[in-house]
Amino acid sequence: MVAKKKIHKLAIEVENDYSLIGIASHENDYRLSWAINKALGLDLKKNEDLLINHPKHKIIINYSLYNYDDENNYITYNLISNKSEQGFLIPEMKNIDFVFRVSGNPDQNLLDALIVKLKKIDIVSTAFLINDISEKLGRLFIF
């Protein structure tokens, strides 16, 4: 009789220290980043594009990325385009044009205040907290 091999799987649960805000705006990324900087008192700057390896189509897709580190409050802000010539970053949310990633364990009061201020920007159609996101999709925003 052959003994059965025991297989142990290591499950690592990554705790997300970020929140995502969906933004609908028909303006270009640089105009929106400028408007956000003005309205929120941030200093978002253009970074190298976010590169995502698309497993289905076997291509690398780039999405524009803006970044600001608030070192005093330990919060990082990223403005990421949801659209590219090759497709959407979040295909389930084709109604949003940008994702505003707030990392560093932001509290609900900060997120609520950000959403109110974002909605007041004249080139923003709407802004809302993205709550339900799959684990697979959530991994895209860990960087």
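The values are calculated or read from the model by the stated rules, or taken from the named source; none is laboratory data. This structure is a prediction, so every number in the text was calculated from the model and none was measured. Glycine gets a Cβ as well: all are built from the backbone with ideal geometry, and neighbour counts include every protein chain shown.
Things to note:
- All strands (runs of 3 or more DSSP E) inside region 1-88 with 2 or more residues being at pLDDT below 90 and more than 21 Å from residue 118 (Cα to Cα): 50-54, 59-63
- Subset of region 55-74 [surrounded by 13 or more Cβ atoms within 10 Å (Cβ to Cβ) and out of contact with any Leu (no Cβ under 9 Å at 6 or more places or on another chain)]: 69
- Of the residues making up region 104-124, those that are in a helix (DSSP H, G or I) and within 14 Å of residue 37 (Cβ to Cβ) are 114, 117, 118.
- Of all residues in region 10-24, at least one satisfies being surrounded by fewer than 14 Cβ atoms within 10 Å (Cβ to Cβ), charged (D, E, K, R) and in contact (Cβ under 8 Å) with a residue 40 or more places away in the chain.
- Enumeration of residues in region 108-133 that are among the polar types (S, T, N, Q), farther than 22 Å from residue 64 by Cα and either surrounded by 11 or more Cβ atoms within 10 Å (Cβ to Cβ) or modelled with pLDDT under 90 (or both): 131
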